[in-house]
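Colleague: Sharing a structure here in structure tokens format.
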Amino acid sequence: MRKPHSYLLCLILATVCCKTKSFFNPVIKEEHRPQFHFSPPAKWMNDPNGMVYLNGKYHLFYQHYPEGTKWGPMHWGHAVSKDMINWEHQPIALYPDSLGYIFSGSAVYDKDNTSGLGQGGKAPLIAIFTHHDPKGEKAGRKDFQNQSIAFSLDEGKTWKKYAGNPVLKNPGITDFRDPKVSWNGDVRKWIMTLATKDRITFFSSPNLKEWTKESEFGQNEGAHGGVWECPDLFPLILNGKKMWVLLVSINPGGPNKGSATQYFIGDFDGKTFKPLITETKWVDWGTDNYAGVTYSNIGERRIFQGWMSNWQYAESVPTVSWRSAMTLPRDLSLKEVNSSIHLASQPVPELKSILTEVNSLKDLTVSSSLDLSDKIKGYGSQYMLKFESDQLKDFSIVLSNDLGEELVLGYEKQSNQYFVDRSKSGKVDFEKGFGVKHSAPRILKTAGTDLTLIVDVASAELFADSGLNVMTEIFFPNKPFNRLSIRSTEGLQVKNMSLTRIKGIWK
Ligand code: FRU
């Protein structure tokens, strides 16, 4: 029997635990656990879903299998945030049902109650997703993916599936999924952008319940090394002109193998998408940014977030209690470079809420190797490195530990490419193609560069040339990378450099 004083001890400990949750939160200490990127509390996660803003809160839903650390019957996990950086985990929003698993999709705020699913003057949040019927798939049917809706009248806390599901039936196409819906003010209709095997099909609806096919795009455009998935369509303004961006994820067939997201720029008249540029372009040349789409109901701003993994190895990465994280949210914009138009991404300014100590340096010459380890001392593999240079020369940024493991990122002048090399980055054997070097042709032609690198324990996000070249990669060192240096045999002149510690978000 326990003695009374041990009860007291337990009580005191329990009180301390509750008050300072982080002290005993085992999740924080897990090997490779991201500290400020969104990751599920436990088990499997893939695509971001239903990202929507409502009444001061951003909602992030995600593909989730709560029973295992590998892909399984899909649910929609849920989290909310005031700034897309600090997240509060919520109960699971959507569970599989008799129509199937809950695959990827989007959410909209139906402010005018076009769906009629609002009640008592309360407009609904509507989730539009793919019902994937595993039995139909097993039976060899072609129409096992159909589009359905669910609605919430309490700001996403609880959801009801619509009784008339599915709202868009499959005409016999094996890959018929991932509806991204937005309101098109020009034609005053909802537009659904749907991945349909090797192309995108656009549908329209006055009420989110009845859908009419408008057009198809892409059978002969862009990259086709794999199936098309998780599209998004949205306008962006360049030099006062509205242009439409169509994102299309593809798996496999990415520029550095596995899954990746391509984009098209063109015109959309509410019915048909007409591309202005036919060359294949990629949102991110790193291997770990997939199925990314943008938040809805946030006005002109376009904020993108992707799944920070790759189907090539997502199920075998060496993490134990959970799998994968999301990229940081990123602001998207269009930029013109030598009369071609490109999509640029930059981490959202909301990141400021977790930036703390800064070490700034000015007018440096990196001759052979510049050791910056003391500048990130105590940062715990969580930091942002920024620099600007007037002349772009060969350089390597080296993240390392005392086991001799390293992740190397940088630029090579001869090939005019940015790169990330994870060949010596620690655990790489779980997948043959993991420990290799990946490259991205530089887009900007000017002499100088600016660069932002964000490191969070097991991920690096490189934004070069104001976000024109982006590379996102994950890695798994056997000991944290607590050292940092920059090498440049050519002698890189750096005007300004800063190293900022980034706080963790776990509570
Ligand atoms: C993309 C994807 C989607 C699908 C979901 C299933 O990663 O394959 O096309 O809806 O994952 O989890």
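The values are calculated or read from the model by the stated rules, or taken from the named source; none is laboratory data. This one's a predicted model, so the numbers in the text were calculated from it and none came from an experiment. Cβ sites come from the backbone with ideal geometry, for glycine too, and all protein chains shown count toward neighbours. Heavy atoms of the whole protein, side chains included, go into the accessibility calculation; ligands, DNA and RNA do not. Shrake-Rupley method; radii C 1.70, N 1.55, O 1.52, S 1.80 Å.
Colleague: Cα-Cα over 19 Å: which of K122/K157; K362/K445; K43/K257?
Modeller: Working: K122/K157 14 Å; K362/K445 25 Å; K43/K257 25 Å.
The pairs that break the limit, which is 19 Å between Cα atoms, are K362/K445; K43/K257.
Colleague: Using Cα centres only, tell me the gap between region 26-86 and region 143-214 in whole Å.
Modeller: Here the two parts' Cα centres lie 23 Å apart.
Colleague: Turning to a different aspect of this structure: Rounded to whole Hz and in sequence order, give me ³J(HN,Hα) for region 99-105 from the Karplus expression 6.51 cos²θ - 1.76 cosθ + 1.60, θ = phi - 60°, writing x for Gly and Pro.
Modeller: Computed from phi, the couplings for region 99-105 are 8, x, 6, 9, 7, 5, x Hz.
Colleague: Here's another thing I want to ask about it. Using a 1.4 angstrom probe with every protein chain in place, what is the largest-first accessible-area order of T287, T365? Each step should come with its number before you reach the end.
Modeller: On the way: T287 5, T365 80 Å².
The residues order as T365, T287, largest area first.
Colleague: Let me ask something else. For the pair T174 and E88, what calculated FRET efficiency results from E = 1/(1 + (r/R0)^6), where r is the Cβ-Cβ distance and R0 = 45 Å, to the nearest 0.05? Spell out each step's value before the answer.
Modeller: Values: r = 38 Å, r/R0 = 0.84.
After rounding, the FRET efficiency stands at 0.75.
Colleague: What is the packing order of peptides 390-400, 214-224, taking the mean over residues of other C-beta atoms within 10 Å and listing the highest first?
Modeller: Values: 390-400: 18.8, 214-224: 17.3.
Top to bottom by mean Cβ count within 10 Å: 390-400, 214-224.
Colleague: Continuing with the same structure: Taking a 1.4 Å probe, which of V187, V337 shows the most accessible area, and what order do the others take after it?
Modeller: Working: V187 55, V337 15 Å².
Solvent-accessible surface, decreasing: V187, V337.
Colleague: Something else: Using a 1.4 Å probe and ignoring any ligands, DNA or RNA, find the accessible area of K242 and quote it in Å² to the nearest 10.
Modeller: Rounded to the nearest 10, that gives 90 Å².
Colleague: Right, here's the next one. Could you sort out which of K242/K335; K189/K209; K241/K352 sit more than 19 Å apart by Cα distance in this structure? Could you put the intermediate results ahead of the total?
Modeller: Values: K242/K335 13 Å; K189/K209 12 Å; K241/K352 31 Å.
Table pairs above 19 Å Cα-Cα are K241/K352.
Colleague: Taking the Cα centre as origin and putting +1 on Lys and Arg beta-carbons and -1 on Asp and Glu beta-carbons, what dipole magnitude results for the chain, to the nearest 20 debye? Intermediate results must be reported in sequence, preceding the final value.
Modeller: Values: 60 positive and 54 negative charges, 238 e Å.
Charge dipole of the chain: 1140 debye, to the nearest 20.
Colleague: State, to one decimal in nm, how far the label point of K111 lies from the label point of V187, with both points 7 Å from Cα in the Cβ direction.
Modeller: 2.2
Colleague: May I pose another question? Counting other Cβ atoms within 10 Å, keep those with at most 15, restrict to DSSP loop, and tell me which trypsin sites (Lys or Arg not before Pro) in region 286-361 are left.
Modeller: Working: sites: R301, R302, R323, R330, K335, K352; in loops: R301, R302.
Those that pass, being in a loop and sparsely packed, are R301.
Colleague: Over the heavy atoms of E431, what accessible area does a 1.4 Å probe trace out, to the nearest 10 Å²?
Modeller: The accessible area comes out at roughly 40 Å².
Colleague: Would you please classify the overall shape of region 223-355 from the alpha carbon gyration tensor, given that a ≥ b ≥ c denote the square roots of the eigenvalues, rounded means a/c under 1.5, and beyond that prolate means a/b larger than b/c while oblate covers the rest? Each step should come with its number before you reach the end.
Modeller: On the way: a/c = 2.03, a/b = 1.33, b/c = 1.53.
Oblate shape, in that a/c is at least 1.5 and b/c is the bigger or equal ratio.
Colleague: Follow-up question, since we're still on this one. What are the ³J(HN,Hα) values, in whole Hz, obtained from phi via the Karplus relation 6.51 cos²θ - 1.76 cosθ + 1.60 with θ = phi - 60°, for each residue of region 323-329 in sequence order, with x given for Gly and Pro?
Modeller: Residue by residue, region 323-329 yields 9, 6, 9, 9, 5, 5, x Hz.
Colleague: Which length gain, in nm to one decimal place, applies between E31 and F430 when the Cα-Cα distance is subtracted from 0.36 nm times their residue separation?
Modeller: That pair, E31 and F430, stretches by 142.0 nm at full extension.
Colleague: For T327, list long-range residues whose amide hydrogen, built 1.01 Å from N in the peptide plane, is under 5 Å from its own amide hydrogen.
Modeller: G306, W307, M308
Colleague: Cβ neighbours within 10 Å, averaged per peptide: list 259-265, 355-361 in order, most packed at the top. Each step should come with its number before you reach the end.
Modeller: Numbers: 259-265: 23.7, 355-361: 13.7.
Highest-to-lowest ranking by the protection proxy: 259-265, 355-361.
Colleague: Take the cross-link list K161/K281; K57/K135; K111/K180; K82/K160; K161/K507; K142/K427 and give me the ones stretching past 28 Å between alpha-carbons.
Modeller: Values: K161/K281 37 Å; K57/K135 37 Å; K111/K180 17 Å; K82/K160 24 Å; K161/K507 32 Å; K142/K427 40 Å.
From K161/K281; K57/K135; K111/K180; K82/K160; K161/K507; K142/K427, over 28 Å: K161/K281; K57/K135; K161/K507; K142/K427.
Colleague: Still on this structure, I have one more. When only C-alpha pairs under 8 Å and at least 6 residues apart count, what is the relative contact order of the chain, in percent?
Modeller: This gives 13 percent for the chain.
Colleague: With the Cα gyration tensor of the chain giving a ≥ b ≥ c as the square roots of its eigenvalues, does the rule (a/c under 1.5 for rounded; else a/b larger than b/c for prolate; else oblate) give rounded, prolate or oblate?
Modeller: Working: a/c = 1.77, a/b = 1.20, b/c = 1.48.
Verdict is oblate for the chain.
Colleague: Between S369 and D390, what is the FRET efficiency for a Förster distance of 30 Å, r being their Cβ-Cβ separation, to the nearest 0.05? Mind showing how you got there, number by number?
Modeller: Values: r = 21 Å, r/R0 = 0.70.
So, using R0 = 30 Å, E works out to roughly 0.90.
Colleague: Given axes a ≥ b ≥ c from the Cα gyration tensor, I'd like to know whether region 440-507 is rounded (a/c under 1.5), prolate (a/b larger than b/c) or oblate.
Modeller: On the way: a/c = 1.84, a/b = 1.60, b/c = 1.15.
Prolate, since a/c reaches 1.5 and a/b exceeds b/c.
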